[in-house]
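See below for the structure under consideration.
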């Protein structure tokens with residue numbers, strides 16, 4: 001915001017409060033109400049406002065208090081913003097940010113992972129970081145991108161992840177996956193809050209002499225097909241891990257990409273470890289069973305290894 | 001092409017006649033099978049779109065809907081580009097990717113192309129107004145919507161947000177008494193939709209939507225207010241949709257006597273009579289207007305018909321900027 005005065009942020013309780021998760025803490029004091037705008041409760045109206053402001057040369061950042069509430073502002077994102085460049089040729093630089101995912105026993109309406117809705121919509125980019133370094137670099141890239149970007153922040157990681165973040169401005173390219181861990185036997189393709197689970201599982205699996213490669217997708221749409229195919233060809237055994245539900249999730253698309261382009265390299269059927277097709281439950285025993293974890297990954301990886 | 005002279009009666013008449021001429025020719029072209037999609041009739045709405053657009057300055061921005069052809073024309077969208085959009089040609093504002101008045105935007109002309117989801121463009125227009133306020137520019141956004149769309153949540157959200165942020169925006173609600181086949185009595189229970197403005201703390205004004213001078217006067221006041229930094233206004237313009245929702249719709253559900261009553265209030269016929277009465281128009285001027293419009297329409301159709309269709313090889317281009 002210091003570097004570019006066309007950047008402003010709007011949403012609910014992001015000003016004086018600094019956001020429900022303190023993601024915007026301090027910005028109000030530094031940039032004032034003009035650039036850090038607390039809105040009424042009107043996700044539809046401020047999602048649409050972002051498009052109009054972007055058309056007029058600004059770079060809006062919209063915060064949804066929870067990814068669950070993005071459905072209330074869905075229409076202007078998927079109808080106007082997503083289709084605009086295809087129809088009208090104007091760039092539309094907007095970042096729609098939201099705390100995303102479960103793991104905090106917050107129940108069905110504060111825990112959702114709705115990335116597949118947006119990945120299925122042409123014209124949007126969908127980004128989900130897995131660590132503090134990438135979060136900053138990807139967010140700066142998203143702000144500078146000429147397209148509408150959905151930026152989901154795994155809220156489980158807000159508190160559980162610590163990591164060095166350079167104070168200078170830097171970017172992490174959108175659309176590029178990261179090899180979070182190199183390995184040779186099994187590829188675990190994942191993103192967001194499941195990356196630390198995959199890495200923990202990979203460490204456990206080394207005790208059984210199983211070497212895992214962990215691919216952190218970082219951008220969910222458009223997918224980094226090259227990295228996905230490279231790891232599939234390298235190991236021949238692919239496990240796809242995501243926190244979102246299984247049916248019509250991102251994992252299905254990744255499996256299809258591999259089946260269509262690298263089937264002959266596979267030594268076992270592709271495996272998916274995901275949440276089941278239910279709403280996100282509240283009670284800890286239920287949510288713990290709902291949300292995939294490193295134990296599930298270890299179990300599935302062993303099945304895959306010994307296939 | 002842009003006309004800001006408020007007192008230029010001949011120009012107002014010209015824009016309304018041109019709007020109707022483009023509309024009429026579009027219907028003919030559709031009947032000849034030259035339009036793959038459909039056409040949304042403008043008949044009855046000409047005074048609203050022309051009157052409001054003529055009240056704006058060149059620096060302002062409009063976000064029209066599908067019955068505001070007049071506003072597009074006033075802003076400088078040529079009949080040729082409008083025909084090429086309907087004919088799905090690559091030379092059209094959407095390069096053949098969007099249908100009729102949808103997606104017929106041109107930012108250079110200050111026109112934001114709309115999507116079907118009324119009143120979504122109210123929210124987009126809020127953003128244009130926000131950017132003017134943000135940069136301290138003396139510019140105004142003006143958007144149109146309808147009686148049916150006023151029942152949507154986004155309508156209320158937009159009025160509220162505009163009032164809270166005191167944005168330089170004018171909302172024009174074209175109450176044409178029917179949302180597709182649904183008459184007003186099944187659309188809202190209040191007596192007058194303009195009361196929605198008061199409910200959200202902004203001024204509401206009702207105008208005779210078939211009287212171009214009334215529309216222009218009310219729009220000018222609201223635009224001046226917005227430009228002064230005094231916030232948004234809702235203008236409700238009463239009119240009647242004189243044809244079906246779109247080309248396919250015979251609108252048999254509209255009572256004939258209602259249509260007959262409103263036929264008497266035709267915005268162009270009545271304005272012409274007024275100008276004759278005030279001796280501001282003579283036969284020779286009218287004839288030359290008709291001639292000029294015929295020429296523009298013919299040239300536009302010719303240009304559109306000569307324009308190529310988009311190449312299927314470009315299908316996947318431009319999803320991202």
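The values are calculated or read from the model by the stated rules, or taken from the named source; none is laboratory data. Not measured: the values here are computed from a predicted model. Positions of Cβ are backbone-derived with ideal geometry, glycine not excepted, and every protein chain shown enters the neighbour counts.
Observations, loosely collected:
- Residue selection: residue A:172 fails the criterion of being closer than 30 Å to residue A:211 by Cβ and within 14 Å of another protein chain (Cβ to nearest Cβ).
- Of the numbered criteria (1) touching a helix residue (DSSP H, G or I) at 6+ places or on another chain (Cβ under 7 Å); (2) within 20 Å of residue B:175 (Cα to Cα), the one residue B:45 fails is (1).
- For segment B:102-112, residues that are without any contact (Cβ under 8 Å) to a residue 12 or more places away in the chain and more than 7 Å from chain A (Cβ to nearest Cβ) total 1.
- Across segment A:272-287, the number of residues qualifying as exposed (fewer than 13 other Cβ atoms within 10 Å of the Cβ) and either in a helix (DSSP H, G or I) or modelled with pLDDT under 95 (or both) comes to 2.
- Failed item in (1) away from chain B (no Cβ under 11 Å); (2) within 24 Å of the chain's Cα centre (by Cα); (3) more than 22 Å from residue A:159 (Cα to Cα); (4) in a helix (DSSP H, G or I), with residue A:1 passing the rest: (4)
- In the set (1) assigned to a helix (DSSP H, G or I); (2) within 29 Å of residue B:63 (Cα to Cα), residue A:65 fails one condition alone, (1).
- Filter result (within 25 Å of residue A:119 (Cβ to Cβ) and within 9 Å of chain B (Cβ to nearest Cβ)) within segment A:54-71: A:54, A:55, A:60
- Verdict on residue A:75 being assigned to a helix (DSSP H, G or I), facing another protein chain (nearest Cβ under 10 Å) and surrounded by fewer than 24 Cβ atoms within 10 Å (Cβ to Cβ): yes
- Test for residue A:85: is it at pLDDT 95 or above and within 11 Å of chain B (Cβ to nearest Cβ): yes
- Check on residue B:155, closer than 21 Å to residue A:80 by Cβ, under 19 Å from the mean Cα position of the chain (by Cα) and at the interface with another protein chain (Cβ under 10 Å from one of its Cβ atoms): yes
- When each of B:150, B:92 is tested for being crowded, with 21+ Cβ neighbours inside 10 Å and under 22 Å from residue B:15 (Cα atoms), the lone residue that passes is B:92.
- Residue list for segment A:229-254, restricted to those being in a helix (DSSP H, G or I) and either surrounded by fewer than 20 Cβ atoms within 10 Å (Cβ to Cβ) or in contact with a helix residue (DSSP H, G or I) (Cβ under 8 Å, 6 or more places away or on another chain) (or both): A:229, A:230, A:232, A:233, A:234, A:250, A:252, A:253, A:254
- Of the listed requirements (1) in contact with a helix residue (DSSP H, G or I) (Cβ under 7 Å, 6 or more places away or on another chain); (2) more than 14 Å from chain A (Cβ to nearest Cβ); (3) under 19 Å from residue B:55 (Cα atoms), residue B:193 misses just one: (3).
- All of B:27, B:99, B:115 fail the test of being more than 13 Å from the chain's Cα centre (by Cα), in contact (Cβ under 8 Å) with a residue 60 or more places away in the chain and within 14 Å of another protein chain (Cβ to nearest Cβ), apart from B:99.
- Only residues that are buried (at least 22 other Cβ atoms within 10 Å of the Cβ) and within 28 Å of residue A:110 (Cβ to Cβ) were counted across segment A:214-228, and they come to 7.
- Those residues of segment A:11-46 which are within 9 Å of chain B (Cβ to nearest Cβ) and surrounded by 15 or more Cβ atoms within 10 Å (Cβ to Cβ), in sequence order: A:35, A:37, A:39, A:42, A:43, A:44, A:45, A:46
- Residue B:55 in contact with a helix residue (DSSP H, G or I) (Cβ under 8 Å, 6 or more places away or on another chain), closer than 27 Å to residue B:270 by Cα and away from chain A (no Cβ under 14 Å): yes
- Residues satisfying the stated conditions in segment B:87-110, i.e. out of contact with any helix residue (DSSP H, G or I) (no Cβ under 7 Å at 6 or more places or on another chain) and part of a loop (DSSP other than H, G, I, E, B): B:88, B:90, B:95, B:96, B:99
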